[in-house]
Amino acid sequence: MSTMQATLPDDFFFGAALSGPQTEGAWQSGGKLENLWDRWSNLDLSAFHNRVGSYAGNDMTRKAAEDFETFASLGFSSARTSIQWSRLMDANGKVNPEGAAYYHRLFAAAREAGVEPFVNLYHFDLPAYLFDRGGWESREVVEAYAAYATAAFTEFGSEIEHWFTFNEPIVEPEMRYEHGAWYPFLTDFARARTVQYGISLAHALAVNSFRDLQARGVVRPDAQIGLINCFTPPYTKENPSPADLEAVRMTDGLCNRWWLDLVTKGTLPQDVIDTLAERGVELPTRPGDAEILAQGKVDWLGFNYYHPARVQAPEHGTDEHGNPVFAREYVWPDAVMNESRGWEIYPKGIYDFAKTMQRDYPDLEWFVSENGIGIEEDRAERDDAGRIMDASYRVPFVRDHLRWIAQAIEEGAKCRGYHYWGAIDCWSWNNAYKNRYGFVEVDLAHDYRRLPKQSSDWIRQVAKTHIVD
C-alpha cells in the first residue's frame, strides 16, 4: 500500500469506544448489583494488575461531562459505551430507578457536548446472581437478557439512535469457559459452545424486541440495531496443507462466520455445526430455535480489530482436558509485535476483512468499533509540561490502520466510521491499568485527572480534516 496521505469520506465519522464496567466505577452506588468482575475482585484482588479491581473504572461517573467535552475537542462526533445490566435492573428483573436516572444523565451529558451516544447492552458483565442461575447456559438467563433489553429500549427508546446487543460475544465463551483465563476459570470447550449458542439466541431475541418496539413507536423510527464483534481475519502459512486450511475454516467459522451469518442471514454456519457434532459437541437446540435465530438480522455491524488470527493444523486432536482442538497458533516470521500486549500489529487485516465483507456480506454496512494500541504504563518521555510523548508509536499504529480503511472504502467497502478504543485510558479487566490505550492519560495518583498525550494533537487534526498523513 502507498504510504502517501489518504483521505476519508466527508461523512466518515470518528469517535471513542468505551464500556460501562471499564469506566463508570461507582460499583456499589445507586442500587447497582454485583457483576462477575466485582465478584472476582472480591474473591481475589491479587489476580488484578497492581490489585486494581473492578471498583475503579476510570471515574467517569464523576467526570462524564468533562470526558464528553474531551471527545468533542478531539473531533469525535460519537462515543460508544454500554449500559450495565447490573446497574439498570434490580434482582427482580425490574428497572432500578436510580440506574435509569444514571444513564439518562450520562446520555444527556454526551448530547450537551455534541457527542452522539452509541449504546451497547452487554460488555462481559453478567450480573452475578444470574451466573448463579446458570449464566448463558441457562434459557432462563437468555430470557432475562431479552427482558433487560426490552426494558432498556423502552426506557431510552426516544433518546438513542444507535443500539448494539453485545460486544465481542466470542470472548466470554473463550475466556470464562474454554481457556480458563477469567472467573470461573473453566476449560470446557463444549460448555463454551453452549454459552456461545445461548448468547446467539439472546441477541436474536433482543433484535426482535427492538423491531417490535420500533414498530409500536416506543423506539425512535431512525434508530438502528447492530452487533459488535472482534473479528480476527484468519491466515495460515505459505503452501498450506489441507489440514492447515481446515484449521483456518474452523477458526474462521467459530470466531467470524458464526456471527456474520447470524446477523446477515439469521442462521449459524451449518458446516461448523456439523464439524462440532462430528467431534462430539452438540449444541443444546430446542424446537423453535431456528425461528428465534432468524430474527437476528441487524441494520449494521461493529468490527473490533486489534490483531489477525494466524493458525495451522493442530499437533493433537484433543488437549490435556480432553477438549477437541481444531487449530494451533502459527507464528508468522515477519510478524511485528506489540510486546506490551503480546499481539501482532497487522494493519492490512482491516483491509482484508473489508474485502471479505464486500465479497460475502455485500449488503451490510459496518464501522470499525474498536481499534487501538495498549502500551505498558505508556512509559514514554514526558515534555516539560508533563505530557506523555507517545506520538512515535501511537500515531503510526492508527495512521496505518486508517490508510488501509481509506483504501478499502475507495474500492467500495461499506465502512462508515472509526471508533478508537480507550480514547481516555480506562480499566481493562484483570490487566487493570497495565496497558494504556488513550490519547488522554488518566493519572491514578491524582484523582483520576485527565492529561492529553502528544498523540491527541494528531488525531484531532485527522478527525477534523479527514486527511490521514
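The values are calculated or read from the model by the stated rules, or taken from the named source; none is laboratory data. From a predicted model like this one, the values you see are computed outputs, not experimental measurements. Note that we place each Cβ from the backbone using ideal geometry, even for glycine, and neighbour counts take in every protein chain shown. SASA here: full protein model, heavy atoms, side chains in, ligands and nucleic acids out. Shrake-Rupley method; radii C 1.70, N 1.55, O 1.52, S 1.80 Å.
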Restricted to region 84-104 and to residues being among the charged types (D, E, K, R) and outside any helix (DSSP H, G or I), the residue most open to solvent (accessible area, probe 1.4 Å) is Lys94
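Look at Ser41 and say whether it is of a type in the set (Gly, Ala, Ser), under 23 Å from Leu126 (Cα atoms) and touching a Lys or Arg at 6+ places or on another chain (Cβ under 7 Å). Please lay out each step first, then the result.
Working: of a type in the set (Gly, Ala, Ser): yes; under 23 Å from Leu126 (Cα atoms): yes; touching a Lys or Arg at 6+ places or on another chain (Cβ under 7 Å): no.
Judged against the criteria, Ser41 is not a match.
Among the residues of region 2-11, is there at least one that is at positive phi and surrounded by 15 or more Cβ atoms within 10 Å (Cβ to Cβ)?
Going residue by residue through region 2-11, those that are at positive phi are none.
No, every residue in region 2-11 fails to be at positive phi and surrounded by 15 or more Cβ atoms within 10 Å (Cβ to Cβ).
Mind listing whichever residues of region 454-465 are open to solvent by less than 20 Å² (accessible area, probe 1.4 Å) and out of contact with any Lys or Arg (no Cβ under 6 Å at 6 or more places or on another chain)?
If the condition is that a residue be open to solvent by less than 20 Å² (accessible area, probe 1.4 Å) and out of contact with any Lys or Arg (no Cβ under 6 Å at 6 or more places or on another chain), then Ser456, Ile459, Val462, Ala463 are the ones that fit.
Each row is one residue, and each column tells you yes or no for (1) farther than 30 Å from Glu320 by Cβ; (2) of a type outside the set (A, V, I, L, M).
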site: Tyr129; (1), (2): yes, yes
site: Ala149; (1), (2): yes, no
site: Ile170; (1), (2): no, no
site: Glu174; (1), (2): no, yes
site: Arg191; (1), (2): no, yes
site: Ala204; (1), (2): yes, no
site: Val207; (1), (2): yes, no
site: Asp212; (1), (2): yes, yes
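Go through region 157-179 residue by residue and tally those that are under 30 Å from Gly114 (Cβ atoms) and within 21 Å of the chain's Cα centre (by Cα). Working first, answer last.
Going residue by residue through region 157-179, those that are under 30 Å from Gly114 (Cβ atoms) are 157-168.
Of the ones still in play, those that are also within 21 Å of the chain's Cα centre (by Cα) are 160-168.
The total comes to 9.
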Where a residue in region 406-421 is within 20 Å of Phe439 (Cβ to Cβ) and modelled with pLDDT of 95 or more and its partner, wherever it lies, is surrounded by 18 or more Cβ atoms within 10 Å (Cβ to Cβ) and among the hydroxyl-bearing types (Ser, Thr, Tyr), with Cβ under 6 Å and at least six apart
His419/Ser369; Trp421/Tyr437
Evaluate the following for Ala56: is it among the small types (Gly, Ala, Ser), at pLDDT below 95 and either open to solvent by less than 50 Å² (accessible area, probe 1.4 Å) or over 19 Å from the mean Cα position of the chain (by Cα) (or both)?
yes
Tally, over region 230-246, of residues that are surrounded by 15 or more Cβ atoms within 10 Å (Cβ to Cβ) and assigned to a loop (DSSP other than H, G, I, E, B)
7
State the number of residues belonging to region 189-217 that are within 24 Å of Pro117 (Cβ to Cβ), in contact with a Phe, Trp or Tyr (Cβ under 7 Å, 6 or more places away or on another chain) and of a type outside the set (Gly, Ala, Ser).
4
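Quick one: in region 389-447, which of the residues that are among the polar types (S, T, N, Q) and out of contact with any Asp or Glu (no Cβ under 8 Å at 6 or more places or on another chain) is nearest to Glu66 (Cα to Cα)? Explain how you work it out, then say what you get.
Initially, region 389-447 is screened for residues among the polar types (S, T, N, Q), giving 392, 407, 428, 430-431, 435.
From the residues that got through so far, the ones that are out of contact with any Asp or Glu (no Cβ under 8 Å at 6 or more places or on another chain) too are 392, 407, 428, 430-431.
Working: Ser392: 27, Gln407: 35, Ser428: 21, Asn430: 26, Asn431: 25 Å.
Result: Ser428.
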Please go through region 22-50 and give me each residue that is part of a loop (DSSP other than H, G, I, E, B) and either within 16 Å of Thr81 (Cβ to Cβ) or open to solvent by 10 Å² or more (accessible area, probe 1.4 Å) (or both), ordered by number.
Glu24, Gly25, Ala26, Trp27, Gln28, Ser29, Gly30, Gly31, Lys32, Leu33, Glu34, Asp44
Check region 384-396 and report whether any residue there is open to solvent by less than 50 Å² (accessible area, probe 1.4 Å), touching a Leu at 6+ places or on another chain (Cβ under 7 Å) and modelled with pLDDT of 95 or more.
no
Conditions: (1) in a helix (DSSP H, G or I); (2) open to solvent by less than 10 Å² (accessible area, probe 1.4 Å); (3) among the basic types (Lys, Arg). Lys63 meets all but one. Number of the miss?
(2)
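Here's the yes/no breakdown for (1) assigned to a helix (DSSP H, G or I); (2) crowded, with 17+ Cβ neighbours inside 10 Å:
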position	(1), (2)
Leu227	no, yes
Val248	yes, yes
Thr264	yes, yes
Pro284	no, no
What are the pairs, 6+ residues apart or on separate chains, where a residue within region 1-17 that is within 19 Å of Thr81 (Cα to Cα) and at pLDDT 85 or above has its Cβ under 8 Å from a residue that is open to solvent by 20 Å² or more (accessible area, probe 1.4 Å) and among the hydrophobic types (A, V, I, L, M, F, W, C)?
none
Selection within region 149-188 - over 19 Å from Trp37 (Cα atoms) and open to solvent by less than 10 Å² (accessible area, probe 1.4 Å)
Ala149, Ala152, Phe153, Phe156, Gly157, Ile160, Trp163, Phe164, Thr165
Single residue of region 327-369 satisfying the filter (touching a Ser or Thr at 6+ places or on another chain (Cβ under 8 Å) and within 24 Å of Gly296 (Cβ to Cβ)) that is most open to solvent (accessible area, probe 1.4 Å):
Asp363
If we keep just the residues of region 308-336 that are touching a residue at least 12 places away in the same chain (Cβ under 8 Å) and either outside any loop (DSSP other than H, G, I, E, B) or of a type in the set (S, T, N, Q) (or both), which is farthest from Glu238 (Cα to Cα)?
Asn323
